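The structure appears below as structure tokens.
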Amino acid sequence: MFTLETEKPVDYWEVEALYDLCFAPGREALSSYRLRDDVPPVRDLCLVVRDGMGILAGAIRFWPVQVGAARALLLGPVAVHPTHQGEGLGGLLIRDSLERAAALGWERVILVGDAPYYSRFGFTKLGAVEMPPPTNPERVLGLELRPGAWEGVAGKVTRDA
């Protein structure tokens, strides 16, 4: 049995430890982290999933960004503890948080990730969107939470003003 809930401030260091466990050393040197510097996450979309004993099993965070003149959500990081990988928790975190984002009126989501994994949630390559270097453009993916939300949206991804 798992419980899904909004991340609380008290969860911060536990979530950071999970990200450190799941990602390569130096993860914070990635260009996507420059978009997060000194910008608060979208708290209502930052979720944690815990197992029946209350132990953190997974987490997801979102950040507001600008793509050209349009606002978007930057998804990531999302991680599942190695002992729970393959149980569908990553998918649960992604699907639930995207439903919440749409309900809150967000129109578009961007991420840097593996297309074969994220395509199952509807993400596709964004050809007209430029993440800060040295991001591989093939890994810049987007999802419309409202039909047509990415139409005409182009340019550099920058920190939310």
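What to note about this one:
- Of A128, A115, A24, the one that fluctuates the most in a GNM where the chain has Cα springs shorter than 10 Å: A24
- D44 versus R159: modelled label distance in nm, points set 7 Å from Cα along the beta carbon direction: 2.4 nm
- Helix-only [θ]222 nm of the chain, DSSP H runs n ≥ 4, -39500 (n - 2.57) each, per residue, nearest 500: -6000 deg cm²/dmol
- Anisotropy class of the stretch 1-50 from Cα gyration tensor, a/c 1.5 cut: oblate
- Which of Y12, P64, G90, positive extreme of dipole for the stretch 1-111 (C-beta unit charges): P64
- Assigned charges on the beta-carbon of Lys, Arg, Asp, Glu; the chain dipole about Cα centre (debye): 380 debye
- With protein chains left intact and a 1.4 Å probe, residues in the stretch 16-161 average 48 Å² of accessible area per residue.
- F121 paired with S31, simple spin-label distance in nm, labels 7 Å along Cα-to-beta-carbon: 2.1 nm
- Space enclosed by the convex hull of the alpha-carbon atoms of the chain, per residue, Å³: 113 Å³
- For the residues W63, W106, W13, a GNM of the chain with alpha-carbon springs under 10 Å puts the largest fluctuation on W13.
The values are calculated or read from the model by the stated rules, or taken from the named source; none is laboratory data. Because the structure is predicted, anything quoted here is derived from the model rather than measured. Please note: Cβ atoms are built from the backbone with ideal geometry, for glycine as well, and neighbour counts cover all protein chains shown. Quick note on the areas: whole protein, heavy atoms, side chains included, nothing else; ligands and nucleic acids left out. Shrake-Rupley method; radii C 1.70, N 1.55, O 1.52, S 1.80 Å.
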